[in-house]
Each structure stands twice: as C-alpha cells, then as structure tokens.
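See below for the structure under consideration.
The values are calculated or read from the model by the stated rules, or taken from the named source; none is laboratory data. In this text the structure is predicted, and so the values were computed from the model without any measurement. In this analysis, Cβ positions are derived from the backbone assuming ideal geometry, glycine residues included, and neighbour counts consider all displayed protein chains.
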Amino acid sequence: MGFADHYLDRQQIFFSPEFIAHKYDAACIIVIPCYNEDKLLLTLESLWKCQRPYRKTGVIIVVNSSTEDSGHVLKRNSDTIAEFIDWEKHHQDKSLWFSHIHATALPKKHAGAGLARKIGMDAAVSVFNSSGNSNGVIVSLDADCTCSENYLREIEKGFTENNSAGCAILYFEHPVSGKDFENDVYEAVVQYELHLRYHVEYLRYIGYPFAYHTVGSCFALRADAYVKAGGMNRRQAGEDFYFLNKVFAANKIIELNNLTVYPSPRPSDRVVFGTGPVIKRMTGNREKTLLTYNPESYNALKDFIEMIPRFYGQDLSAILKEIRSLPDAVVSYLLQLNPEGKISEIKQNTGSEAAFIKRFYNWFNPLMVVKYLNFSHMRHYQMVPVMEASHQLIERLGMDSESVSSPLETLNILREKQSCINNAN
C-alpha cells in the first residue's frame, strides 16, 4: 500500500496515474502550470541549462483550459503542446525528463492556477507513490520564469542536507532591467518586490515565526508533506498563500538562497491579485506609487507577539487584561475573535509552553496576520508609499537609509539581507 493511496483515491484525476507512474521515476519533480502561454520554451530551456542533480529529476507541464475559454486560448494551448513535443525530441537526458498533461474543459468554477498546479502536483505524488518515495520533492514553478544554473542542484542539496525539512522557500528576484519590457514595467516591479520583501522583513523584525515569502513559483516540499496538507487547493488566485499556510504549520521550513528564480514582471489580468495585476495597474497611468502597510501596524502587532509566551502561565482574566493594554488596532481586531475562548481551548490541548506557542501560531497563522493588517488599515492606519515604509524599516533594523535614494537601491538592501538568511530555521 502506497503512502498516498488514500489521498489519491479521494482526488478527481485529470491524468492517467498508471501512465505517469510506470513511465517515469524521479527523486524530484517540477510542476509548471501553463495557460495561454507563448514563452514556455524559455522556461524549459532555462531548466535544460541547469547543472544536473545527482538523482533523476522530472518536469510535468500542465497545459490547461476551461469549458468557457475562447478559441484563441485553445489554439494557443494546442500550439504550445506541439512546440513542447517538438522541443522534447531534441532534449533527451537520462537524468532529466519532461512530460505534459493536457487538462482541457476544466469546470469554469474551478479552472485556474490552483487547479492546474494541483493536477500537476497530484501527478507527481502518483509517481512518488508508485515507488514508495514519500520523501520525493515536488517543486512549484511557473511558465513565465527562468532560473539560475544551480537551481536543480541546490534544491537537491537543500533537502539532502536537511532531512527533517518538509518545505523549502526558494530565493527569487524579478528582472528589473532589460529589453523585454518597457521601463515603466521594470519600475513597477521594483516597487512590487520591495513590498513583498518589506512585509516579510517586518514580520521577522517583530518576531513572527512564519515570516516567509509565499510566491507560487518559489517553493518546494516533500510528497508526504504535500499529502498531509491535503494537497493544493483549487483557488483561482492566491492558491500558493493558502496552501503554504497549512504547510508552515506542520513542517520544518528551510530557505534555499544559493539559487535564484526569476519570475516575469509582465502585466497581466489572468488573476485578481498578484504580480501581474499590480504591474498592469501601475503601468496603466492609474497608479505610479505603490502603497503598502503602515509600519505602525507592524509595531503594534509586535507588542502582542512578545506577550504570547506569557499566556500559557496566566489565567484568562490576566490574559484579557494584557490584550486590552495593546494598541487600539490590535485590541479591536483580537476582541472580535473571542481570544480568551481560543486561548482557553489551546491551553486545554497542550501540556507545555512550547506546545502552547506552536498551537497558538497554528491558529494565528499568516492569513490571520494579513486579515489584521487589512482590518487595521480600514479603521486605524493609512497605507503609505512602499519606499517610505521600507526606509522606516531599514532604520529600525539599525541600517543607514539616508544614503539610499531610489526604490532599486532600497530593494537591493532587502534582497541582500534576505539572501543571507541561514537555512537552519
């Protein structure tokens, strides 16, 4: 009996498990959703140029469309498959195989990045399940990305050297110059990536334990961790964030910063939020300055995070008194959640301070933090330009911000800081 039999039996299968499981084997499988895409071969060429890992790696491309997609999309997908088949004929390697799934006529209600990613990841699980390899690694990538030449080797090395790790967050950098896009696109993506890094770095500053990037093209996890998390969801946007919330709570997380993924900065309206929509909005003469969360909203949350370990040894009246002493933004958010009831429940199900803290953060997960930030900015704080917010953070970190005059210089400071993070998290 395979480790994932029960999981796979409960999934709607859009591929042939027998075909995939018996034709291929691998220690690592990269999953690439592909929809109405004309740049797939650039991604595949980037993978092909990578240094080969010591164990076999596979790539599964999920070319997908819904029941309501236009003839143009269906034609583009058909052309992509033909281009891939022709490309694969000339790219044969014993250590690196490529395959595709044509997932067509998906239900409109669920079709999108989440379902496509799920189809490919479930297929990868099927491969690993057939060989009994619960430690097989599933990597999430997108069809508009390229990667550094050490990408495959470093992923393999990261999981080999960290046997207890269930998930890895991969370092990324959006291209910020070049000839592929207009200058305003590069200027916009600098601000957008700065927003992403500012948010994660501020979470680290205030001591929040799940301060990780949640970019769909930049994570990898073991097959058993994927199954235990219930598999990828079918969300049409933000699927990566919601899925990784579950993974963070149950696994040791490492960060692989010796490799680089280069996500595309292209404008897009395929999903309702994320890189593409933000860049499109900023390059459409509607918004040139990207706003982000006010630093004071994080500072207020810092006070709450610092008192969490004390909750285990306090009675509920003392806990509620401490909570009410917090800044108004945090108090008004927490009180609507019945914190004393939740803390009481967590206490009843834990036998040590360490277990209490772990279970507490399984509840107060990154989604709860984002909900707090959105709530507090509707009632207590104003959004601020990302450059201004980042400078305030840099000053709090004890770094010199006065000599930094551009968004790119500011971004490079946070890139350097985050790329130096030790993997032993």
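Remarks
- Matching residues in the stretch 199-252 - criterion: being among the charged types (D, E, K, R) and either in contact with a Cys (Cβ under 7 Å, 6 or more places away or on another chain) or at pLDDT 95 or above (or both): Glu201, Arg204, Arg222, Asp224, Lys228, Lys252
- Thr275 falls short on exactly one of the conditions (1) under 30 Å from Gly158 (Cβ atoms); (2) at pLDDT 90 or above, and that condition is (2).
- Within the stretch 279-290, the presence of a residue that is under 30 Å from Ala225 (Cβ atoms) and among the acidic types (Asp, Glu) is excluded.
- Considering Asn362, Asn349, the condition of being surrounded by fewer than 18 Cβ atoms within 10 Å (Cβ to Cβ) and within 22 Å of Tyr212 (Cα to Cα) is satisfied by Asn362 alone.
- Flag if Ala329 is over 22 Å from Tyr212 (Cβ atoms) and of a type in the set (A, V, I, L, M, F, W, C): yes
- Filtered by the rule that a residue be among the basic types (Lys, Arg) and at pLDDT 95 or above, the stretch 156-183 gives a lone residue, Lys157.
- Boolean, Ala249 is of a type in the set (A, V, I, L, M, F, W, C) and part of a loop (DSSP other than H, G, I, E, B): no
- Residues considered: Ile346, Ile413. Of these, the only one that is in a helix (DSSP H, G or I), over 22 Å from Ala249 (Cα atoms) and free of Cβ contacts under 8 Å to residues at least 24 places away in the same chain is Ile413.
- When residues of the stretch 234-246 are limited to those that are crowded, with 21+ Cβ neighbours inside 10 Å and not aromatic (Phe, Trp, Tyr), the one nearest to Ala354 (Cα to Cα): Leu244
- Test: residue in the stretch 4-20 that is modelled with pLDDT of 90 or more, of a type in the set (Gly, Ala, Ser) and either within 21 Å of Ser95 (Cα to Cα) or surrounded by 15 or more Cβ atoms within 10 Å (Cβ to Cβ) (or both): yes
Conditions tested, residue by residue: (1) closer than 18 Å to Phe172 by Cα; (2) among the aromatic types (Phe, Trp, Tyr).
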{"site": "Tyr208", "(1), (2)": "no, yes"}
{"site": "His213", "(1), (2)": "yes, no"}
{"site": "Cys218", "(1), (2)": "yes, no"}
{"site": "Ala225", "(1), (2)": "no, no"}
{"site": "Lys228", "(1), (2)": "no, no"}
{"site": "Glu239", "(1), (2)": "no, no"}
{"site": "Tyr242", "(1), (2)": "no, yes"}
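- Cβ-Cβ contacts under 9 Å between residues 6 or more apart (or on different chains), taken from a first residue in the stretch 1-14 that is without any contact (Cβ under 8 Å) to a residue 12 or more places away in the chain to a second residue that is surrounded by 10 or more Cβ atoms within 10 Å (Cβ to Cβ) and aliphatic (A, V, I, L, M), are listed as His6/Val227.
- Single residue of the stretch 130-174 satisfying the filter (closer than 20 Å to Ala223 by Cβ and acidic (Asp, Glu)) that is surrounded by the fewest Cβ atoms within 10 Å (Cβ to Cβ): Glu161
- Taking the criterion of being of a type in the set (S, T, N, Q), at negative phi and surrounded by 11 or more Cβ atoms within 10 Å (Cβ to Cβ), the residues of the stretch 326-346 that qualify are Ser332, Ser344.
- Only listed residue being of a type in the set (S, T, N, Q) and closer than 30 Å to Gln191 by Cα, chosen from Asn299, Asn362, Asn349: Asn299
- Taking the conditions (1) in contact (Cβ under 8 Å) with a residue 12 or more places away in the chain; (2) in a helix (DSSP H, G or I); (3) under 29 Å from the mean Cα position of the chain (by Cα) in turn, Tyr381 satisfies each one other than (2).
- Condition met for Val63 (under 23 Å from the mean Cα position of the chain (by Cα), of a type in the set (A, V, I, L, M, F, W, C) and closer than 22 Å to Arg266 by Cα): yes
- Those residues of the stretch 177-209 which are within 21 Å of Ala389 (Cα to Cα) and outside any helix (DSSP H, G or I), in sequence order: Ile206, Gly207, Tyr208
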